[in-house]
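In what follows, a single structure is set out as structure tokens and then discussed.
Please treat every number below as a calculation from the coordinates, not as lab data. Here the structure is a predicted model, which means the values were calculated and not measured. Ideal geometry is used to build each Cβ from the backbone, glycine not excepted, and the neighbour counts take in all protein chains shown.
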Amino acid sequence: MARDGAAYVCQSCGAVHAKWSGRCDACGQWNTLVEEVGARQPGALAPTKATRTRGLAFETLQAETPEPPRIETGVAEFDRVCGGGVVPGSAILLGGDPGVGKSTLLMQVCGQAALRGAKVAYVSGEEAVEQVRSRAQRMGLAQAPVNLAAETSVRDILDALKRDQFDLVIIDSIQTLWSDAHEAGPGSVTQVRACAGELVRLAKKKRVAVVLVGHVTKDGQIAGPRVVEHMVDAVLSFEGERGYPFRVLRAAKNRFGATDEIGVFEMGDSGLREVANPSALFLGEGGERAAGAAVFAGIEGSRPVLVEFQALVAPSAYGTPRRAVVGWDSGRLAMVLAVLESRCGLQFGNRDVYLNVAGGLRINEPAADLAAAAALASSALEAPLPQGCVVFGEISLSGEVRGVGRMEARLKEAAKLGFSQALAPTAAAETSPLPVTAVGRLAEAIRRIAESEWPKGAAA
Ligand SMILES: Nc1ncnc2c1ncn2[C@@H]1O[C@H](COP(=O)(O)OP(=O)(O)OP(=O)(O)O)[C@@H](O)[C@H]1O
Ligand SMILES: [Mg+2]
Ligand SMILES: [Zn+2]
């Protein structure tokens, strides 16, 4: 039995349980319940004795609502992901792997904003003032009028924010804060939830934009309860591949803007450089794209991702031809090969087929069918796809190319990443920012590849 006021809190979803168990009933995760003192607080909405209310003053939907004003920080990639700048009174959660560059990004953001006249504060709970200052100096921001503090007590932080009117406040990180109203240790779900709640409330009241840094767990979730994600107006994630200098900022949720915008940066000695044309970073520089390669415009979770499918179709040396696939479903490969043979007249019977998704990504979407088919046909026919072309679409057994979800988001991401045309289902052409070679049937797509028939002037 838990001690007085103590309870078992799921570190994954934040659900509070009276008893320990191996599995959280609320979210189904195993081994996530941890005893926390003071987790069972009296509910905020517990009825009080004298409940006098004034009722609700209802409004209509017709009134004029001005666009929220925005603080442009001057870091354009950051502003775009936020929906065109940071909204005063909003709270943003920024997650990312250790060392990916969260503190660097936010120092750049608040430094630039301060240079543009905003009153900003950077509160670090993880690093000493000297460390933060030396990072800022390395980034050339020594002259920026940033108010710097190293503090972990949320009460002191709230006091300071009440005393002065700030425009933008960075809290690095939410897991280091603690509130003396709760007994649980810093970083526990109870503390994280309570501290985030108090900061978000004050942000709204004083119309300060608050950015909270949140550490992520091994599986990429922002550590601590999902409830923090519900409390804030925007959840951003900062991602980077080990060994590569590029970093991508994405919005997983945004109450003040679209979530399919990405911001791309390159990490260097003097901080993060904004990258205007990032396709080079992701998919290799120039040169003719080889036969057998097709760039798939995919969606991972809620997010668009471009990835290259590479195919090799070669004469088979042995009796039984080989079928090897990395990063995609082998059943799906067999289906696509069968459709290519029966509907498009290609022959794979005496040839080995290798299909590889570059970069170690695993693709599960049916939307990748057309990209796989295009890569296979391109290799079989030794006809490369045009430079700067992305491919997506689902293939049916009858050889139709079908529309898929979020086609506009895929094309937008491709355009953002510097791609100049797409091979896609007919329905994609309607709202596309790129020239689309729209195909209703797989045979039509294969004929285009065989004859190199692509829109003029679209090549990158
Ligand atoms: N002196 C330096 N010169 C060049 N690059 C540096 C230097 N110090 C740090 N970096 C770069 O900055 C990165 C760390 O950035 P930063 O501290 O902003 O990450 P973070 O996401 O805040 O990490 P943490 O999770 O530890 O808070 C390092 O991985 C490194 O690439
Ligand atoms: Mg940091
Ligand atoms: Zn749970």
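Observations, loosely collected:
- When Asp369, Asp25 are sorted by how many other C-beta atoms sit within 10 angstrom of their C-beta, beginning with the fewest, the order is Asp25, Asp369.
- Annotation: the residues Cys82, Cys24, sorted from fewest to most other C-beta atoms within 10 Å of their own C-beta, follow the order Cys24, Cys82.
- Using just its DSSP H runs of length 4 or more, each adding -39500 (n - 2.57), the chain gives a mean residue ellipticity at 222 nm of -7500 deg cm²/dmol after division by all residues.
- Reference-scaled alpha-carbon Rg (2.2 N^0.38 Å with N residues) for region 76-276: 0.94
- Descending Cα extents along the principal axes, region 281-451, whole Å: 47, 33, 31
- Trypsin sites (Lys or Arg not before Pro) within region 299-344, DSSP loop, no more than 15 other Cβ atoms inside 10 Å: Arg322
- Cysteines, the chain, no other Cys beta-carbon under 4.7 Å: Cys82, Cys110, Cys195, Cys344, Cys389
- Annotation: the residues His230, His182, His17, sorted from fewest to most other C-beta atoms within 10 Å of their own C-beta, follow the order His230, His17, His182.
- Under 20 Å of direct C-alpha separation, and excluding same-chain neighbours fewer than eight residues apart, Lys119 reaches these lysines: Lys162, Lys204, Lys205, Lys206.
- C-alpha long axis of helix 407-416 to longest principal axis of the chain, angle in °: 90 degrees
- With Cα atoms defining each centre, region 61-121 and region 398-460 are spaced 34 Å apart in the structure.
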